[in-house]
Amino acid sequence: MKRWLGLILLLFATVVVNPLAYGVMPLMVSGSDTSTINLKQYTLFTQQPAEATLLQVMALPESAWQPANKQRLLSIGSNGDWYHFRLLQEPNISHNWLLEFDNPDIDRLTVYHFVNGQLQQTVNMGDTLVFSQRPLLLNNFIYPFLMHDKEIHDFWIQVQTLGSSYLPIQLWTPDHLLQHVSDDNMLQGIQLGILGAIGLFSLFMAVTTGSFSYGYYCGYVLAMALLVASINGTAFNHLWPESPQLQNHIIAPLIPLVLMFNVLFTEKALQLKYFSRSLLRLGRILTAACGILIPVSLLLPYSIALYGELLAVVVVVIILLLISMQQAIKGNQLARLYALSSIGKTTGVLVSVFMYIGLLSLPINPLTPSMLGLTVEIVFMAAVLAVRYNEERKSKMRIQHEALMQSQRIREAKEEALLLEAKSNERLERMVQERTLELEFAMRELNEANRKLTEKSQLDALTGTYNRDAFDKKLLAEGRISRRQQTPLAMLMLDIDKFKTINDTYGHLAGDQTLKAIAETLKAHLKRPGDLVARFGGEEFAVILPNTDVAGASQLAEQLRTAIAALTVSWGGQTIDLTASIGVSAGVITADSDTVQLLAQADQALYQAKHQGRNRVCCHQPPTEKD
């Protein structure tokens, strides 16, 4: 009780002695906190002229302050942002704490640290100072301090920057901050590593293939990697820690450089030179504008240049999105993938830009939406390049093959002329023999390729059975054999019962699986090389049985019906029971038109099986002659 009474008296004395404390409720902290504390909700904010001093700010009335978490998140260029919050250490505990200011692009950040109303320390941080002057050498600004029993710590923070004044304030214990920094560095390392690897690979491909597409993509990815590293402080930490001037000016030219490479890559990837001359001219205008913006951004004041570049980013990404969508609608296959990447990038960039200029407030880092959108874009751009490279490779191979064939024909013509002049020349005879062997080998390969192509063209893509065209040819051929040899030819027409119900109930993918299962069953029961099963229609199959009478065909049809009835297809955790109706027709072909009649008779028998209740075999019965 005495301990809490002393604490209350101490708070009262602090308020009386320090009139600055009004409006700021102290946040009691202890070493048992297990996660970070977002101090924005406990912080007051005011915006004052750049020349305002600490004493002037401390003397401001309460009405001049507002909750920091209700202010507009961001603005570009600010020299008079002030923050104030108060921390109270839990009694009987002393603990080390760290304040993290999560915006590594602040030009100057001054921390005035008061303990029990007395100024304890003044610390200057920011990217206008060399990196080694920071209290802790980390990408974000970290201020460590020690809190003793019952101490009240006031923090007054001044932000002066020409860029974004976005300033999340977090309170960490040393262990938690170490884990947070390790995780953050790992994610940034993975991101920059992927960008660097893709950029170097694209550079290698550009050098070895002479492709401008890969060259522009390399420039885009590497410039983007450098921009990201500059924004999140990694470049300042590891590349130029002693050059704050470079850190302050590197972002302004990098943004239009990234945009320029992006436009150039879009032009090459979508092949605007061949598809749209007007869009090509628009792309050249955007490229020239971005190129001019690079030196201009170094001459203008940073805040003005940044506003202009953010506007340029919005304009360029929207135009590129519209170009890719327009080309996708026209049928450009590469534009479809590119449009998907542009949608992700445009969404992320617009959200980030709106957050940077204060039109949108979200509880995330403004860079996060852009990074997510760019990740999507880079993945799809890699796919675009892969597709483009594959198409170019196939085109080159086709041209090389044609050139090789032409060269081969020329060589053969020369050899033939030499043979006419000197038939007895043994060397030429050997050359002729070698060429003949080469041609035979090439012909064998060509015949094999033609055979595979012909076989593939005769198969149904879904079921692996023969298609209708192959069925018609087989039926005509077997009909002629039947007519010539006077042997019976049998026909089976099979239809899956209630197939539409399967599609409507389980979906078309389940229907496809059903067709495949039945096709495999049919192929498994046809043992003779001359038998043929073909997909006749949507859910219909036809079977040609050479040299088979109606009894044999009926027996096989019953076997097929029984096998299908015993077949089950599992889909989505459910079992689909299957049945089929089969129509049978057989006879000796006497004319080419009889094959059509045989097919019609099998179809009539199939209709009869359906009419009699499905899941049965019906044979065509020829009409009896009347006396």
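Throughout, read-outs are computed from the coordinates displayed, never taken from laboratory work. Just so we're clear, the structure is a prediction, and the values are computed from it rather than from any experiment. Counting neighbours? That spans all protein chains shown, and the Cβs are built from the backbone with ideal geometry, glycine included.
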Worksheet item: Convex hull over the Cα atoms of the range 335-403, averaged projected area in nm²?
Response: 5.2
Fill in: Highest average packing first - 56-62, 460-466, Cβ atoms within 10 Å
460-466, 56-62
Worksheet item: Among 173-182, 411-420, 302-311, what's the highest-first ranking by average C-beta atoms within 10 angstrom per residue?
Response: 302-311, 173-182, 411-420
Discussion item. Can you give me the angle between helix 2-17 and the longest principal axis of the chain, using Cα atoms only, in degrees from 0 to 90, rounded to the nearest 10?
Written reply: 70
Practice prompt. Going by C-beta contacts inside 10 Å, put ARG444, ARG468 in order with the fewest on the left.
Written response: ARG444, ARG468
Worksheet entry | P(r), alpha carbons of the range 189-392 - 10 Å bins starting at zero, rounded % | 9, 35, 39, 16, 3, 0
Fill in: Cα-based radius of gyration of the range 130-191 once divided by 2.2 N^0.38 Å, which approximates compact folds
1.36
Discussion item. If the only charges are +1 at each Lys and Arg Cβ and -1 at each Asp and Glu Cβ, what is the size of the charge dipole of the chain around the Cα centre, to the nearest 20 debye?
Written reply: 1120
Worksheet, complete the sentence: Relative contact order of the range 268-390 (C-alpha contacts under 8 Å, at least 6 apart) in percent is 24
Worksheet item: Which pairs in the list LYS330/LYS523; LYS474/LYS610; LYS273/LYS396 are over 31 Å apart, alpha-carbon to alpha-carbon?
Response: LYS330/LYS523
Item to complete: For the range 289-409, count all C-alpha to C-alpha pairs, find those more than 26 Å apart, and express that count as a whole percent of the total.
Response: 41
Fill in: Among (1) 1.15; (2) 1.33; (3) 1.57, the entry derived from the coordinates for Cα Rg over 2.2 N^0.38 Å
(3)
Practice prompt. Would you tally the net charge around THR436, using a Cβ to Cβ cut-off of less than 14 Å, leaving THR436 out, and scoring K and R as +1, D and E as -1?
Written response: -3
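Any idea what the dipole of the range 43-148 comes to, in debye rounded to 20, about its Cα centre with Lys/Arg Cβ at +1 and Asp/Glu Cβ at -1?
So the dipole magnitude of the range 43-148 works out to roughly 120 debye.
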Worksheet, complete the sentence: Of 134-145, 157-168, 477-488, ordering from highest average Cβ density within 10 Å down gives 157-168, 134-145, 477-488
Worksheet item: If you take the beta carbon distance between ASN467 and TYR607 as r and set R0 to 22 Å, what does 1/(1 + (r/R0)^6) give as a FRET efficiency, to the nearest 0.05?
Response: 0.45
Item to complete: Let me know the whole percent of all Cα-Cα pairs from the range 487-583 that are separated by more than 20 Å.
Response: 35
Worksheet entry | Exposure proxy order (Cβ contacts within 10 Å, fewest to most) of SER78, SER581 | SER78, SER581
Item to complete: Go ahead and run the numbers for FRET between ILE304 and THR209, Cβ-Cβ distance against an R0 of 45 Å, rounding to 0.05.
Response: 0.60
Practice prompt. Measure off 7 Å from each Cα along the Cα-to-Cβ vector at LEU359 and ILE329, then give the distance between these two points in nanometres to one decimal.
Written response: 2.3
Item to complete: Can you tell me the 0 to 90 degree angle between the C-alpha axis of helix 426-457 and the longest principal axis of the chain, rounded to 10?
Response: 80
Worksheet item: Reachable lysines from LYS150, Cα under 16 Å, same-chain residues fewer than 8 places away excluded?
Response: LYS2
